[in-house]
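Report on the following structure.
The values are calculated or read from the model by the stated rules, or taken from the named source; none is laboratory data. Only a predicted model underlies this, so the values are computations on that prediction, with no experimental measurement involved. So basically every Cβ, Gly included, is an ideal-geometry build from the backbone, and we count neighbours across all protein chains shown. SASA here: full protein model, heavy atoms, side chains in, ligands and nucleic acids out. Shrake-Rupley method; radii C 1.70, N 1.55, O 1.52, S 1.80 Å.
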Amino acid sequence: MKKITIAIDGYSSCGKSTMAKDLASEIGYVYVDSGAMYRTVTLYALEHGIIKDGQIDEERLSSEMKNIEISFVFNPERGRPDTYLSGVCVENRIRTLEVSNHVSHIAALGFVRKEMVRQQHRMGKEGGIIMDGRDIGTTVFPNAELKIFVTASPEVRAQRRYDELTAKGEICNMADILRNVEERDYIDTHRDISPLRQAEDAIVLDNSSLTIAEQKAWLLQAYQKAAKD
Ligand code: CDP
């Protein structure tokens with residue numbers, strides 16, 4: 001079968017990365033979590049005092065973008081890549097609610113998006129890649145052979161994120177998470193540059209009531225059809 005490009009977009013916390021990484025390991029494709037890249041820029045900005053009292057020093061961030069070197073290293077224990085910032089693993093630190101609370105503001109900045117998309121193009125130039133995010137089927141790989149747009153109700157998504165964070169030992173409450181999910185949906189769909197929207201040729205998957213196994217089977221079938229066509 002030919003090596004295709006698979007773009008998975010959708011709302012926050014709807015299980016895109018679980019389905020993307022499962023399919024990638026099943027079919028031997030590279031998996032790239034583009035959200036992790038925006039989270040890494042956000043972590044850098046928080047840890048370097050570039051975000052203070054909720055305000056982003058855009059000029060400083062723009063001049064320091066060259067210091068933000070993002071890479072992925074496959075972690076066999078987790079069966080998915082870990083995210084690295086300048087050679088240091090930041091996988092856990094980018095998943096906190098604090099990063100989630102700022103990431104959509106960082107991701108709305110034109111110079112940040114331009115740099116991330118440049119790196120994403122480089123990662124995907126050979127094909128055989130699954131990338132998930134918000135603008136993959138619309139902006140990053142508009143010619144992807146398979147585009148999926150994933151959605152689920154905000155309550156279902158917040159519950160999934162709550163379970164994920166508490167399993168990691170983070171103390172959080174449902175109301176804060178639901179607020180974050182809804183706020184990010186709003187910012188991501190209303191920003192000027194590459195807002196989250198369904199590509200015209202994307203297949204929609206509402207996974208509110210699907211188990212991980214059911215969603216995996218659905219995606220594998222969609223892939224087999226697209227790779228054969
Ligand atoms: O929490 P979840 O896993 O759903 O989000 P994520 O994929 O880690 O993405 C975090 C944030 O990065 C999103 O809420 C968007 O603001 C931004 N993002 C983006 O703007 N474009 C992408 N291609 C991926 C993520």
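As a test of reading the structure, rank Arg118, Arg78 by solvent-accessible area (1.4 Å probe, protein chains only), most first.
Details: Arg118 125, Arg78 95 Å².
Of Arg118, Arg78, the descending order of accessible area is Arg118, Arg78.
List the aspartates and glutamates whose Cα lies under 14 Å from the Cα of Lys228, skipping any in the same chain that are fewer than 8 positions away.
Glu145
Identify all lysines with a Cα-Cα distance to Lys114 below 20 Å; exclude those on the same chain that are fewer than 8 residues away in sequence.
Straight-distance partners of Lys114: Lys66, Lys125.
Quick one: putting +1 on the C-beta of Lys and Arg, -1 on the C-beta of Asp and Glu, what dipole do you get for the chain around its Cα centre, in Debye to the nearest 20?
Value, rounded to 20: 580 debye.
Once R0 is set to 25 Å, what does the formula 1/(1 + (r/R0)^6) return for the Cβ-Cβ distance between Lys114 and Asn173, expressed as a FRET efficiency to the nearest 0.05?
0.10
Return the aspartates and glutamates within reach of Lys52: Cα separation strictly under 15 angstrom, same-chain partners fewer than 8 residues apart disregarded; answer none if there are no such residues.
Within the straight-line cut-off, Lys52 pairs with Glu98.
Can you compute the FRET efficiency between Glu200 and Phe74 using 1/(1 + (r/R0)^6), with r the Cβ-Cβ distance and R0 = 45 Å? Round to the nearest 0.05.
Numbers: r = 33 Å, r/R0 = 0.74.
Calculated transfer efficiency: 0.85.
Alpha carbons only, please: Rg and Dmax for the stretch 1-93, in angstrom.
Rg and Dmax of the stretch 1-93, Cα atoms, are 15.4, 52 Å.
State the percentage of accessible surface on the stretch 5-228 attributable to carbon and sulfur atoms; use a 1.4 Å probe and exclude ligands, DNA and RNA. If you can, show how the numbers build up before the last one.
Numbers: 5290 of 10630 Å².
That share works out to 50 percent.
Just the number please: accessible area per residue for the stretch 5-228, 1.4 Å probe, all protein chains included, in Å². Write out the running numbers ahead of the final one.
Values: 10630 Å² over 224 residues.
Computed with neighbouring chains in place, this is 47 Å² per residue.
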